[in-house]
Each structure stands twice: as C-alpha cells, then as structure tokens.
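First comes the structure, then the notes that go with it.
The values are calculated or read from the model by the stated rules, or taken from the named source; none is laboratory data. Source: prediction; values computed, not measured. Note that each Cβ is placed from the backbone with ideal geometry, even for glycine, and that neighbours are counted across all protein chains shown. The accessibility values were calculated without ligands, DNA or RNA, using every heavy atom of the protein model including side chains. Shrake-Rupley method; radii C 1.70, N 1.55, O 1.52, S 1.80 Å.
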Number of protein chains: 2
Amino acid sequence: MSSSKEIPYKIYLEEEEMPRQYYNVRADMKTKPAPLLNPGNLKPMTAEELEAVFCKELVKQELNNEDRYIDIPEEIRSFYRMYRPSPLVRAYCLEEKLDTPAHIYYKFEGSNTSGSHKLNSAIAQAYYAKKQGLKGVTTETGAGQWGTALSMACAYLDLACDVYMVKVSYEQKPFRRDVMRIYGATVTPSPSTTTAVGRKILEEHPGTTGSLGCAISEAVEAAVSREGYRYVLGSVLNQVLLHQSIIGQETKTALEKYDIKPDVIIGCCGGGSNFGGLISPFMGEKIRGEKDLRIIGAEPASCPSLTRGKYAYDFCDTGKVCPLAKMYTLGSGFIPSPNHAGGLRYHGMSSIVSHLYDDGYIEARTYEQTEVFEAAVAFAKVEGILPAPESSHAIRAAVDEAMRCKETGEDKNIIMGLTGTGYFDMMAYGKYIEGSMGDYIPTDAELEESFASLPKID
Amino acid sequence: MSSSKEIPYKIYLEEEEMPRQYYNVRADMKTKPAPLLNPGNLKPMTAEELEAVFCKELVKQELNNEDRYIDIPEEIRSFYRMYRPSPLVRAYCLEEKLDTPAHIYYKFEGSNTSGSHKLNSAIAQAYYAKKQGLKGVTTETGAGQWGTALSMACAYLDLACDVYMVKVSYEQKPFRRDVMRIYGATVTPSPSTTTAVGRKILEEHPGTTGSLGCAISEAVEAAVSREGYRYVLGSVLNQVLLHQSIIGQETKTALEKYDIKPDVIIGCCGGGSNFGGLISPFMGEKIRGEKDLRIIGAEPASCPSLTRGKYAYDFCDTGKVCPLAKMYTLGSGFIPSPNHAGGLRYHGMSSIVSHLYDDGYIEARTYEQTEVFEAAVAFAKVEGILPAPESSHAIRAAVDEAMRCKETGEDKNIIMGLTGTGYFDMMAYGKYIEGSMGDYIPTDAELEESFASLPKID
C-alpha cells in the first residue's frame, strides 16, 4: 500500500507532536484483563493492599480499566524530551537487500544510554515514587536493561535505587553492573543473603545462578521491609504497558504524518512491555473495528510463553510473595536455558497481552536463537545498528513477512519495534560469530513438569 | 546572547537540509597547511606517489587547497541518511544542574552502531575505494572506534577490510574486536608477524603492547604490498577533516535555524578529525572576519600535542614508512601511559588544526583523566548519555566555560562536539568508580627524550 508523500529515511516528530497522555488500551478492550489476586486469600488485590508494594499513583494506573487517556506529568514529558521522540526509520537498505516490494519500518528505542525502551517506564515510576516522598525504590534486573534505565531515572530525580541482579548476569555482564553503579545504584547479585527469601532459595538450591522470578521476590521483600521504599517492575504490569504506549502513539503519529497505512505490526515479546506499548493504539483501532491490521508477537523458542504456555493464574515470582496474575505462563519455576542470550526470559506474559492473544487479536511466532542472530547480523550490516538480541526476534519475524511479500508481490507496510542496541550483548555476538551458540527448545516433558507448579485456581 | 525562538531539546534537520557538499576550510585559510613530504627525498609528495598508498579521488581531496566546496556523491549521502543528521541537543538539564546562565549545546555523533563520528569519513573513504574498483582497504585502530566504523562501511559496500588493532586494545577490548568481526573485517593484533615492519618492531621491543603509530606502519605495508588494496586513515589527514565537515555544517545550519549565535565552539582533540570537522565552517567565517567567536580544543594531559608539542615536520608512524607531516607533535616515538583511557593518544595533530592553532585562531586546554571522568559521570546523570572518554574532554571544557559564565552572569552560547558513546569503555568507567583510575602527565624530560626522535627538517 503505497504512500502519497516521499518517505524520508527517518521520520522524527516535532517535540510538540509528542504524546501528552498515555493511552490505556484496557479502556477499549471489550472484556478486561483478569485482576491480580492476593496470594493469601486469592481475592482480587485491593488498592490498599497493592499500595504496600507499589506507589499510590501507580496502583491507580494499575487498576484503571476505564480511562482511555491518562495525562503525562510535565516533569516526565520534560525527561522524555531529552531522548524522545525516537525515530521511525524506513529500512530502505534492508528492503533493497531482501529485494522485497514490502516497506519495512522500525521504531528505534535504543538511542539513549540505557540502550532500550525501558527508560520510558523507569522515569514514570521513579517520578511517582519521588512525588510520593519516598526515599527509594527496589527492583530486579535480568539482562540489565531495566536496571540501567531505572538507575538513570533515579539519578536524575535523586532517588535511591536498589537493584537485585540475576547472579549469572551480574557475573557475565560486569559492564551492565558498572553502568548502574555509575548512575549511583546499589547492585546486589541475586539470590543473596540480604533477604529471607534469598537465603531460603540459596538453602534449597545451593550454587544456583538465579532467575528473574527469584530476583523479583528479593526486591519485593526489600521494598516492603524498609521504611520509605516501594518496589518497581520493568515489564508485565498494566502500568508499564501504559507508559510504553508512548512508543505506539509516536509510531502512529509518524505513520499518519506520511499517510502510511500499517498492514502488520511486529514486536518481540518477553514480559510484553515493549510489545504492548507498541501495539496499544493500533490495537485500540482494531478492537473498535476502525482498522484492519495484523499484530504479531515474536518470542524465543527457549521461553515460549505465548505459543506453548498455559493461560492461567500463576505466581509472578519464584518466592511466591507477589500477587498472582492471569497470564500465558510456563510456570513460575520455569528457567530458560543458560545458553539463551539477552532478555525475554520471563516465565509469564503481561495480562493485557495474554488476554488480547486469547481473544484472537494477536498472532504469535517463535524463533530459535541462531536464526535470530543471523537476522541481527544481516540487519546490522545494512542498517547500521547492532540490535539487541531481544529486538532481533522482531527483525527475524519482519524479514520473514517481507520475504512472503516477495513471493506474493505485495507492497505491505511492515512496522516493527526495535527495542534496543546490542552494545552490551557482545559476549553473545562473540559466541555467534565463533559458531559456538546453540539452540534450545524445552521438551514437552520439561514444560509439563514446570506446569505442575501452577496454582490450582479457576 | 538569547535567541528569539523557543529552542527544543533536540534540533533535528530535515533530510533536505543536510549538506550536499563537504566544506574545505583550506580554501579560506590565508596561508595553507604545509604539504606532506616524501620520507625518501623530503620533497612534497606528488599525487602519483600518494596514489600508491591512497585512493585516487582521496588523493585529490588531500591535495585540494582551493575548492571551498566538494560535492558529496549521492551514494554517500544515501548512507548518511541512515544515521544522519545527528541531533544538536540543548543541554537544558546540565545547565540547570550547573545553575549557569550559559546555554550549552552538544552535537551528538554517537547514535550509530560504530558509536562515534568516525563513520562520516569511513563511508566516504570506502566509497571511493569501491569506485576505484579495489578489492579492499587496510587500516589501524586504537580504541576501536575507527575500525568499527570502517568495517561497517566496508560491509555495506561489500569491500574487504583488514584492521591492525593496537595489541593492548585487542586484548582489553574483545567486544570492539568482535563488533568488527561481525561486520566481516579481519582483525590482527599489532605489532604482528604478518608484516616486515611488525616483525622488526617485535624484535626491537619484545613484549610491546603496541601503539597507533606502529599499527599505521603495518597497515600501510599491508596495503602497498597487496594487489587491489589501499590504505585508509581515520583522522589527521586533510581528507578526513573534509568529510567530517558535515558535523560542523549541520551544526551551523541547526544554529541558524533558531537564530542562535555561537560564542564558543569546543571539541576534543586527538588527531583532530572531529574537532576539525566541527569547527571548519565556523573557522571559515572567523578567518573571513564575518564572525567573532572562540574556538577551543580540549586534549588529554597525558598526550598534550597542541599544548606541549613542537610544531615541526614529523613522521606519522613509528615505522617511518608514511609521508612526513608538519604538525604539533610529541615525536613519533611518544606512547601515552597505558593508564590513559580511550582514544586521543596519537602523537601528532592534523596539519590543518596545527596550522590554525599556530596562527592563533584556536585556544587549547589540557585536562587530566580523572577530572574528565568526573565531568562525564555528571553529564551522564543529567543528560542521559554515557559519553566516550574522548568526548568527555569537551564536556569538561564546556562545563568550565559555563561556570565562568556563572561568575560573570553572561548567557553565552557554548557549542560542543559529543563525538560518541562510552558503551565500549566500561572497563575505564569501572576503574573510575572503583577509584583506581590515575592521572598521568609526561615530565618535561620525557618529552625532551621523545622530541629527540624528530627528523631535522626546516
């Protein structure tokens, strides 16, 4: 579907064209995502209960299924102006290399020091914590993108920041760890002896290299046991998808500016924060029947929550201290192979994304690691950006779609989210070029075992 | 000096506002930089002699002291559109933190995978090599920015790329090395046994960790001894400053768009490529007497070619196989302390910059390493970009200027070049936050010893 105006390589919005409100897709959903449950009594979490863990304003956002738009405070917008709007790039060079009639666009979120889209929610969460008069926040980080983003946001607002970093990443990614420290964060390898849940996990699994679910448990305990602290999370939650809607809104405005009609929107899927944020405004139009377009989530074959998970209530963390969420999940005990590079290793998927997927609004694809890196390297050579392994799942899916267009001769507009850079993933890239990177797909038996840990809730 | 329009955080040019020509400052210089000399007969290098080492078209550019503008081929402009124009950012947050009436702007060149401005010249040099029908190019790299940029450009044009990487960087920066390999380059630690000059240096200095001057010698030998190869260099040469003029021209256009009158232009100085490119069009106006502004080069105290070097003909490389250049130099035998982080470790300075400095058009400042990192971390915390150690010399100088404005109450417009990101310099940042980073200033006696290697040429 051609456009009437000539499209530049990069579409930048003016600052005044940036969104002034977050878009809340839940307002447009015909049925709402299932509520978080209290792990004690299995009843929906009340605002009051949630406020013991999360900031007041964020709890409001978490529970708000009604308002389509929520104002972005000027202080947050001012921070956004430092690194946003991010460009929507027309991948002319990739198209030429693929010799496809398709038009490929990518929304690139990697042009800030945190290197990814995570900063969009980090600054919002840190802002509300500061506004509430808190001393600091705690969180966990796996690949390190979220921890980096949060420590940047906290440095900016002069807020303390305690990061529990999955031990294997802490050891293998010293540079990520040091970036957080440069920004003033305290970084603790998880599981640690600083929390009861950490000590318990260490006792039960001596020598464990940790997991995201375990680091979450520690960060939550650290928040609730300390005066003036709350816990913040970089993905999965409704509030995070709300903040990330800035990605989708900017994308939509940029497309409209050049009369480009999107046919396919593609994002990579871990906890769903980038994907949910990217697709939200398009999904709204799709649900309301205003637009007809396909939406595709690309996930790793080694952690396939949408394509092979169960849609059920599950624990969000290993220590089972967090509320339960209804989501596509591999079971809270699931740990992806250590060979799996980068993020996208969470056992569950955002409740919003899960619900939309269950309702048939989203297609999901899985990709093996080596085919993802192959696409990443090909992309890097022609587009001048070394993508994060996470983002490269979306690249792989977009390339596949574009090649299908080559067969059919269709000039579809394919839009993908490029969440970040691979600067901090060079160890994985090194393995790939040496040929020592493997693929790993969990067997049905392994998944069945992991599903056994699912709580029995209807 | 206030501006009439409201200044956004980031001034982006439209693609049609990007320069279509390189600006050649030599055309405006009242006296021209001294020519390169043949190391054999000490006569000015002829085009023919230079063409044995460099591509034909680049030799023309190297020797062209007359044409003020040189067309940028469409193929190069098309590549530029992938990652340019780069933003001119108003450092509102830094200004606020410093509580200065000054207005600080930075031209940020780090938003491409190579992470620095080096790509601007890499694509030009690779393009002319390809156009000449060559098989490949050879080069050296120190900190790795230039090698990364060149391998990206060569991958894009399907040209072979052989990089001699200073051994200490090869070992300490495996990620940089691997990025080049991802882009298909061959990377050899220098000094190596693959060249005669490398073997000679290894014999004379067993166990040496290499130097830029030595890697240059190897790369030149590799180019001239192989069919279909030429040598390319990432800094110092006139042609490189010509290509980098795109930085200064974009900066000038962006300032003019918002009626901003620059009072001070600041860049970091190693070989002079970014600095020369940034200042060129402003320098043209200054020489022609059209504008009155200050131009400051910031260099490391550990490698102070402008502030403590001699203005003399010197060898460009350790092996003395290259033409001689008249420049501010510490002597071709000078090797900065291994404690010195990042680039800016070349013993000499671009002939153009040297000549302009000698003519009094440029001020120079030196900064010690730890005060540079201090400025870098402060900048990162408020501006959301982790700067390269090289770039941080300019930040230090800009902060000092802004603090002077605070004393005097002047609202000067300070423009600085931010050449790249510090993603690949985390080892140095790690040292800094651990407190184990030292300063190093060569003694007068050390410099005298190094000057002794200067050839006796008038």
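Give me the extension gain from A:GLU448 to A:ASP71: residue separation times 0.36 nm, minus the current Cα-Cα distance, reported in nm with one decimal.
The span from A:GLU448 to A:ASP71 would gain 131.4 nm if fully extended.
Once you sort the root eigenvalues of the Cα gyration tensor of the protein assembly as shown as a ≥ b ≥ c, which label holds: rounded (a/c under 1.5), prolate (a/b larger than b/c) or oblate (the other case)? Working shown, then result.
On the way: a/c = 1.74, a/b = 1.73, b/c = 1.01.
Because a/c hits 1.5 or more and a/b exceeds b/c, the protein assembly as shown counts as prolate.
Restricting to Cα pairs below 8 Å that are 6+ residues apart, what does the relative contact order work out to for the range A:308-458? Please round to a whole percent.
28
So what is the 222 nm mean residue ellipticity for chain A from helices alone, if each DSSP H run of at least 4 adds -39500 (n - 2.57) and you divide by all residues, rounding to the nearest 500 deg cm²/dmol? Write out the running numbers ahead of the final one.
Working: 18 runs with 191 residues, N = 458.
Calculated at 222 nm, the ellipticity per residue is -12500 deg cm²/dmol.
Within the range B:413-441, find all residues whose amide N lies under 14 Å from a label point positioned 7 Å from the Cα of B:GLU371 along Cα-to-beta-carbon.
Residues passing the 14 Å test: B:439-441.
If you keep only loop residues by DSSP, which trypsin sites (Lys or Arg not before Pro) in the range A:72-142 have at most 16 other Cβ atoms within 10 Å of their Cβ?
A:LYS135
Using a/c under 1.5 as the rounded threshold, could you call chain B rounded, prolate or oblate? The axes a ≥ b ≥ c are square roots of the C-alpha gyration tensor eigenvalues, and prolate needs a/b larger than b/c, oblate otherwise. Intermediate values should be presented prior to the final figure.
On the way: a/c = 1.45, a/b = 1.29, b/c = 1.12.
Rounded.
Amide H of B:MET416: which non-local residues (sequence gap of 5 or more, or other chain) have their own amide H closer than 5 Å, using H built in the peptide plane?
So B:MET416 has HN proximity to B:TYR105, B:TYR106, B:LYS107, B:ILE266.
Could you go through the range A:30-41 in sequence order and give the Karplus-derived ³J(HN,Hα) for each residue, using 6.51 cos²θ - 1.76 cosθ + 1.60 with θ = phi - 60°, rounded to whole Hz, and x for Gly and Pro?
Listing the rounded values in order: 5, 10, 8, x, 4, x, 5, 10, 5, x, x, 10 Hz.
Classify the range B:419-458: rounded, prolate or oblate, from the alpha-carbon gyration tensor (a ≥ b ≥ c, eigenvalue square roots; a/c under 1.5 rounded; otherwise prolate if a/b is larger than b/c)?
Values: a/c = 5.48, a/b = 2.12, b/c = 2.59.
Oblate shape, in that a/c is at least 1.5 and b/c is the bigger or equal ratio.
Going 7 Å from the Cα of B:ASN64 in the Cα-to-Cβ direction, what parts of the range B:5-36 have a backbone nitrogen less than 19 Å from that spot?
B:18-30, B:32-36
With a sphere of radius 14 Å drawn around the Cβ of B:GLY228, what net charge do the other residues whose Cβ falls strictly inside it have (Lys, Arg +1; Asp, Glu -1)?
+2
Give me the net charge of B:PRO338's neighbourhood, meaning all other residues with Cβ under 14 Å from the Cβ of B:PRO338; Lys, Arg count +1, Asp, Glu -1.
Residues near B:PRO338 contribute +2 overall.
What list of ³J(HN,Hα) values in whole Hz, one per residue of the range B:335-341 in order, does the Karplus curve 6.51 cos²θ - 1.76 cosθ + 1.60 (θ = phi - 60°) give from phi, with Gly and Pro shown as x?
10, x, 3, x, 5, 6, 8
Treat each spin label as a single point 7 Å out from the Cα along the C-beta direction, and report the A:ILE441 to A:THR408 distance in nm.
Result for the modelled spin labels: 2.5 nm.
Considering only DSSP beta bridges where both residues belong to chain A, give the percentage that are antiparallel (nearest 5).
Expressed as a percentage, antiparallel bridges in chain A total about 35.
Taking the Cα centre of chain B as the origin, how large is its charge dipole in debye, to the nearest 20, when only Lys and Arg (+1) and Asp and Glu (-1) carry charge on their Cβ atoms? Don't skip to the answer; put the middle values down first.
Numbers: 49 positive and 61 negative charges, 150 e Å.
Computed about the Cα centre, the dipole is about 720 debye.
Given H placed on each backbone N at 1.01 Å, which residues far from B:MET327 in sequence or on other chains put an amide H within less than 5 Å of it?
B:ALA312, B:TYR313, B:ASP314
Which listed residue (A:TYR9, A:THR100, A:TYR22) has the Cα farthest towards the positive end of the charge dipole for the range A:1-111, taking +1 on Lys and Arg C-beta and -1 on Asp and Glu C-beta about the Cα centre?
The Cα lying farthest towards the positive end belongs to A:THR100.
Any idea how far apart B:ASP358 and A:GLU203 come out in nm if each label point goes 7 Å out from Cα toward Cβ?
Taking the two extended label points, one gets 7.7 nm.
For the residue pair B:LYS291 and B:GLN132, what label-to-label distance in nm results when each label sits 7 Å from Cα along the Cα-to-beta-carbon direction?
Placing both labels 7 Å beyond Cα along the Cβ direction yields 3.4 nm.
Over all pairs of distinct alpha carbons, what does the Kirkwood formula give as the hydrodynamic radius of the range A:50-124, in Å?
So the Kirkwood estimate lands at 15.5 Å.
For A:LEU454, what charge total do you get from the other residues with a beta carbon under 9 Å from its beta carbon, if Lys and Arg give +1 and Asp and Glu give -1?
Working: positive: A:LYS310, A:LYS456; negative: A:ASP314.
Counting the neighbours of A:LEU454, the net charge comes to +1.
With all protein chains present, how much of the accessible area of the protein assembly as shown (probe radius 1.4 Å) comes from carbon and sulfur, to the nearest whole percent?
Here carbon and sulfur together make up 49 percent of the probe-accessible area.
May I ask for the distance between the Cα centers of the range B:384-458 and the range A:72-149, given as a whole number of Å?
29
DSSP loop (so not H, G, I, E, B), at most 13 other Cβ within 10 Å: list which GluC sites (Glu not before Pro) in the range B:62-96 pass both filters.
Qualifying residues, ordered by number: B:GLU66.
Once the piece of chain linking A:GLU227 and A:THR46 is laid out straight, how much longer is it, given 0.36 nm per residue of separation minus the C-alpha distance between them?
Here the segment from A:GLU227 to A:THR46 would lengthen by 63.0 nm.
Return a whole-number percent for the relative contact order of chain B, with Cα pairs under 8 Å and 6 or more residues apart as the contact set. Walk me through the intermediate numbers first.
Numbers: 1003 pairs, mean separation 91.4, N = 458.
Result for chain B is 20 percent.
Using modelled amide H (1.01 Å from N, peptide plane; none on Pro or chain starts), what sits under 5 Å from the amide H of A:GLY319, excluding residues fewer than 5 places away?
The answer is A:SER217.
In the range B:224-279, which GluC sites (Glu not before Pro) are in a loop and have at most 16 other Cβ atoms within 10 Å, using DSSP for the loop call?
B:GLU227
Would you list which aspartates and glutamates come within 17 Å of A:LYS310, measuring only between C-alpha atoms, while excluding same-chain residues fewer than 8 positions from it?
Answer for A:LYS310, where 17 Å is the Cα cut-off: A:GLU299, A:ASP358, A:ASP359, A:GLU363, A:ASP444, A:GLU446, A:GLU448, A:GLU449, A:ASP458, listed by chain and number.
Multiplying the sequence separation of B:THR307 and B:GLU96 by 0.36 nm and subtracting their Cα-Cα distance, what value in nm do you get? Numbers along the way, then the final one.
Values: separation 211, 0.36 × 211 = 75.96 nm, distance 3.17 nm.
Working it through step by step, the gained length comes to 72.8 nm.
Which of the cysteines found in chain A have nothing to pair with, since no other Cys Cβ lies under 4.7 Å from theirs?
A:CYS55, A:CYS93, A:CYS214, A:CYS268, A:CYS269, A:CYS303, A:CYS405
Determine the per residue accessible area of the range B:242-358 with all protein chains present and a 1.4 angstrom probe, expressed in square angstrom. Display every interim value, and only then the final one.
Values: 2760 Å² over 117 residues.
On a per-residue basis, the range B:242-358 sits at 24 Å².
Which whole-Hz couplings ³J(HN,Hα) result when phi for each residue of the range A:48-59 is put into the Karplus expression 6.51 cos²θ - 1.76 cosθ + 1.60, θ = phi - 60°, listed in order with x for Gly and Pro?
Going residue by residue, I get 4, 4, 5, 5, 6, 9, 10, 5, 3, 5, 6, 5 Hz, with x marking Gly and Pro.
Could you check what % of the DSSP bridge pairs in the protein assembly as shown are antiparallel, to the nearest 5?
35
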